[in-house]
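Remarks on the structure that follows.
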Amino acid sequence: MADSSGEYIRHHLTNLTFGKHPDEGWMLAETAQEAEAMGYWTIHLDSMAWSVGLGVVFCAVFGLAARRATAGVPGALQNAVEIVVDFIDDTVSSIFQHRNSLIAPLALTIFIWVFLMNLMDLVPVDWIPVLAATSGIEYMKIVPSTDPNITLGMACTVFFMIIFFSIKVKGLGGFLKELLCHPFPWYLFPVNFVLETVTLIAKPVSLGLRLYGNLFAGEMIFILIALLYGGIVLSLAGGVLQWAWAVFHVLVITLQAFVFAVLSVIYLAQAHDVEDEH
């Protein structure tokens, strides 16, 4: 049972990987060992497909709501979209005190996109992998936010925006001054540079790893609960635990999406701050 349980967990935590095998060239990995042997030059096809697909769903739903928007009595979809948009707009307005028309749409995109990726964690862990297996696809992870490549990729995008707006608002000289002259006097610039660089790099790392860690833990718990199914008593216990964890996890996935969006806005607000404003 220990071996089969371990194999079950490894299977559910393995991505559909395409990459360059050192001996066999470019290929789809058929085993977890082949995926590991491919090293850095790989792409997780399932994570990419699900994240892009959910992004398309987000655009389609909000686009449909925009096309059907009316000044009269709104429908359920328009009401839901307006509530989310107003909530994000109020949140951004309370945090971001500068003028930049990109920040609120960015925060909305991050919140909804991350929420949809997290929401896939509530799909029973065997449904889609088993369906994929019947189609000849050995591995299929459907929660993109349990893949650090996805979460860190999104975090790095926010990081590059932080650098861009820091230089745009403060100028290259002002940006370098922050790195070299804070928090200690300028003549301690080597120490300042190390401290500020670590602080800067910690922003995307903390963003990406926080989201990945929380969702990976949630997925692991669902997988462990799934291992309980097998007898009447254990299946009943597994069903109760699964529903209880799913109800709690609704809060987790929503909170993690909100935290990612809010921290992104806070970091971008700091990038717009200039010394004279303090």
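Points worth noting:
- With respect to the conditions (1) over 22 Å from residue 157 (Cα atoms); (2) touching a residue at least 12 places away in the same chain (Cβ under 8 Å), residue 73 lacks only one, and its number is (2).
- For region 107-152, residues that are among the small types (Gly, Ala, Ser), modelled with pLDDT of 95 or more and more than 8 Å from the chain's Cα centre (by Cα) total 1.
- Test: residue 86 is charged (D, E, K, R), modelled with pLDDT of 95 or more and loosely packed, with under 13 Cβ neighbours inside 10 Å: yes
- Residue check, residue 232 of a type in the set (Val, Ile, Thr), farther than 30 Å from residue 264 by Cα and crowded, with 16+ Cβ neighbours inside 10 Å: no
- Flag if residue 89 is under 20 Å from residue 255 (Cα atoms) and of a type in the set (D, E, K, R): yes
- Residues located in region 68-101, provided they are closer than 21 Å to residue 56 by Cβ and under 23 Å from the mean Cα position of the chain (by Cα): 80, 81, 84, 85, 88
- Residue list for region 33-42, restricted to those being loosely packed, with under 14 Cβ neighbours inside 10 Å and under 17 Å from residue 149 (Cα atoms): 36, 39, 40, 41
- Going through (1) under 20 Å from residue 122 (Cα atoms); (2) of a type in the set (A, V, I, L, M, F, W, C); (3) touching a helix residue (DSSP H, G or I) at 6+ places or on another chain (Cβ under 8 Å) one by one, residue 193 falls short only on (1).
- Each residue in region 109-138 was checked for being more than 16 Å from residue 214 (Cβ to Cβ) and in contact with a Pro (Cβ under 6 Å, 6 or more places away or on another chain), and 0 pass.
- Residues in region 80-104 that are closer than 14 Å to residue 261 by Cβ and among the charged types (D, E, K, R): 89, 90.
- Residues that are free of Cβ contacts under 8 Å to residues at least 12 places away in the same chain and part of a helix (DSSP H, G or I), drawn from region 178-200: 181, 186, 187, 188, 189, 190, 191, 194, 198, 199
- Selection status of residue 225, touching a residue at least 24 places away in the same chain (Cβ under 8 Å), in a helix (DSSP H, G or I) and over 30 Å from residue 166 (Cα atoms): no
- Residues being farther than 19 Å from residue 208 by Cα and small (Gly, Ala, Ser) - total across region 238-264: 4
- When the test is whether a residue is modelled with pLDDT under 90 and surrounded by 12 or more Cβ atoms within 10 Å (Cβ to Cβ), residue 12 does not pass it.
The values are calculated or read from the model by the stated rules, or taken from the named source; none is laboratory data. The structure displayed is predicted, hence computed values, not measured ones. Here Cβ is always computed from backbone atoms with ideal geometry, including for glycine, and neighbour counts include all displayed protein chains.
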